[in-house]
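Down below is the structure, laid out as structure tokens.
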Amino acid sequence: MLKIHGTSMSRAGRALWAADELGIKFEHVPTGIGAAGSRQPAHMKINPNGHVPAIEDDGTVVWESMAINLYLADKYGKAPFWPSTPEGRAHAYQWSFWGMTEVEPHLLTVFLNRVMLPKEQRNEKAVDAALEALKAPLKVLDDHLKSHDYLLGKDYTIADLNLASVLMLAPMAGVDFSAVPKAKAWLDKCLERPAAQKSRTYK
């Protein structure tokens, strides 16, 4: 049986979302971040980097959240959720990696300095710079969605799940989406999915 190590309060949330979206039976292994969780020797044997998520699937161990989700979609998914063509899969990889490289670093800066860090450690200049840096990728997304219901066309796919799992921090961090209404509507639609909502309940 598939085992998912992590918590919904980490990047493991996207793996939990993918598993529920795919209807996979799995065991959730609650694993926090740091010395009391992901740095414990038992977990380090699974992921020597000491991070979550990690999965065990019939003897196969995978870590790195996007790699996990693409693996799960490839093994357990069917079209259209997992695209059936090389071109479709390439675009699924494209948007997934784009979310990690173009969006997530800036979004994490905003989230950390608005939500996670103690007030005395927060850096508003860093927030302002990150919000400015987010404008360009959000416009790219918004422009794309003006002619697409979802990232790859008319159907919801693993690309949508992966990118939405990155952007789900934006509402919590108070990021203003007023200039990108198509992106906002798409994100809301993704986050309203039952599997997305269920994924947030794993502790």
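Table for the structure above
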item	result
First in the range 182-203 and small (Gly, Ala, Ser), second anywhere and crowded, with 21+ Cβ neighbours inside 10 Å, Cβ under 6 Å, 6 or more apart	Ala183/Leu138; Ala183/Leu141; Ala195/Trp17; Ala195/Glu21; Ala196/Trp17; Ser199/Gly13; Ser199/Leu16; Ser199/Trp17
Some residue of the range 82-100 being assigned by TED's automatic domain parsing to the domain that holds Arg14, within 13 Å of the chain's Cα centre (by Cα), under 16 Å from Ala164 (Cβ atoms) and modelled with pLDDT of 95 or more	no
Residue check for Ala179: surrounded by fewer than 18 Cβ atoms within 10 Å (Cβ to Cβ), of a type in the set (A, V, I, L, M, F, W, C) and either in the same structural domain as Asp20 (by TED's automatic domain parsing) or not in a helix (DSSP H, G or I) (or both)	yes
In the range 55-83, residue farthest from Leu169 (Cα to Cα) [restricted to those that are touching a Lys or Arg at 6+ places or on another chain (Cβ under 8 Å) and of a type in the set (S, T, N, Q)]	Asn69
Conditions (1) among the β-branched types (Val, Ile, Thr); (2) part of a loop (DSSP other than H, G, I, E, B); (3) in contact with a helix residue (DSSP H, G or I) (Cβ under 6 Å, 6 or more places away or on another chain): number failed by Ile46	(3)
The range 140-152: number of residues that are over 19 Å from the mean Cα position of the chain (by Cα) and under 14 Å from Ala179 (Cβ atoms)	2
Test: residue in the range 117-127 that is under 18 Å from the mean Cα position of the chain (by Cα), assigned by TED's automatic domain parsing to the domain that holds Leu191, free of Cβ contacts under 8 Å to residues at least 60 places away in the same chain and assigned to a helix (DSSP H, G or I)	no
Top-ranked residue of the range 1-35 - restricted to ones that are touching a strand residue (DSSP E or B) at 6+ places or on another chain (Cβ under 9 Å) and acidic (Asp, Glu), ranked as farthest from Leu112 (Cα to Cα)	Glu27
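Listed here are the residues, each with its yes/no results for (1) free of Cβ contacts under 8 Å to residues at least 12 places away in the same chain; (2) surrounded by fewer than 12 Cβ atoms within 10 Å (Cβ to Cβ); (3) not acidic (Asp, Glu).
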{"position": "Val103", "(1), (2), (3)": "no, no, yes"}
{"position": "Leu108", "(1), (2), (3)": "no, no, yes"}
{"position": "Ala133", "(1), (2), (3)": "no, no, yes"}
{"position": "His144", "(1), (2), (3)": "yes, no, yes"}
{"position": "Ser147", "(1), (2), (3)": "yes, yes, yes"}
{"position": "Tyr150", "(1), (2), (3)": "no, no, yes"}
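The values are calculated or read from the model by the stated rules, or taken from the named source; none is laboratory data. These numbers come from a predicted model, not from an experiment. Glycine gets a Cβ as well: all are built from the backbone with ideal geometry, and neighbour counts include every protein chain shown.
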